[in-house]
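Presented below is the structure to which this report refers.
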Amino acid sequence: MESCYFQIPKNIFMKNFLKNLYRLQGKEVEWAIVEEKTNEETTYKLALAVIGTRLYVDVAARRFFTTVELPGLISRKLHKAKEIPSGEVIVFEAEDDAEKRVILPKNFLQDIYGVTLYDKSLEGRLLL
């Protein structure tokens with residue numbers, strides 16, 4: 001893509017891109033790891049948490065969710081996360097538990113949102 005949003009994957013820039021995309025201007029946000037538990041499994045996902053609320057954006061699912069505790073069904077808990085660049089990947093790790101982490105390629109924003117936003121280059125690509 002030609003868009004400058006995807007050419008500089010820096011922490012502050014990624015946050016600003018997502019804040020604009022989700023109309024979160026004027027809100028304080030932070031990276032978070034979502035710990036989602038069901039009866040079958042526990043998963044960890046990257047999120048952009050809206051500070052002072054139960055809202056967060058699941059970055060890969062491209063939508064808002066809330067934290068929740070429904071015993072026997074589902075639990076979603078947020079852990080404040082820090083970004084750890086590491087070679088060809090970016091590791092987001094929970095500040096309160098280093099075992100809770102999400103590993104993504106450096107171009108994860110382009111991978112997730114690249115075909116979601118219109119760009120002239122899309123017209124010449126094959127999208128399946």
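For the reader, a short list of remarks on this structure follows.
- The residues of region 22-31 that are in contact with a strand residue (DSSP E or B) (Cβ under 6 Å, 6 or more places away or on another chain) and either assigned to a strand (DSSP E or B) or surrounded by fewer than 16 Cβ atoms within 10 Å (Cβ to Cβ) (or both), listed by number, are Lys27, Val29, Glu30, Trp31.
- Count of residues meeting criterion [under 21 Å from Phe108 (Cα atoms) and open to solvent by 70 Å² or more (accessible area, probe 1.4 Å)] in region 39-52: 1
- Close pairs from region 32-51: first part of a loop (DSSP other than H, G, I, E, B), partner open to solvent by 10 Å² or more (accessible area, probe 1.4 Å), Cβ under 8 Å, at least 6 apart: Asn39/Gly72; Asn39/Leu73; Ile51/Lys27; Ile51/Glu28; Ile51/Val29; Ile51/Glu30
- Residue check: Glu36 meets all listed conditions (1) within 19 Å of Phe64 (Cβ to Cβ); (2) open to solvent by less than 60 Å² (accessible area, probe 1.4 Å); (3) out of contact with any Leu (no Cβ under 6 Å at 6 or more places or on another chain); (4) modelled with pLDDT under 95 but one, namely (4).
- Residue check for Lys19: open to solvent by 20 Å² or more (accessible area, probe 1.4 Å), modelled with pLDDT of 85 or more and in a strand (DSSP E or B): no
- Residue within region 53-64 that is open to solvent by less than 50 Å² (accessible area, probe 1.4 Å) and of a type in the set (D, E, K, R) present: yes
- Region 52-73, residues that are outside any strand (DSSP E or B), closer than 16 Å to Leu21 by Cα and not basic (Lys, Arg): Val59, Ala60, Ala61
- Residue pairs whose Cβ atoms lie under 8 Å apart, separated by 6 or more positions or on different chains, with the first residue in region 65-83 and at negative phi and loosely packed, with under 12 Cβ neighbours inside 10 Å and the second assigned to a strand (DSSP E or B) and of a type in the set (Gly, Ala, Ser), are Glu69/Ser75.
The values are calculated or read from the model by the stated rules, or taken from the named source; none is laboratory data. Keep in mind the model is a prediction, meaning the values are calculated, not measured. Counting neighbours? That spans all protein chains shown, and the Cβs are built from the backbone with ideal geometry, glycine included. Accessible surface is based on the protein model in full, side chains and every heavy atom, while ligands, DNA and RNA are left aside. Shrake-Rupley method; radii C 1.70, N 1.55, O 1.52, S 1.80 Å.
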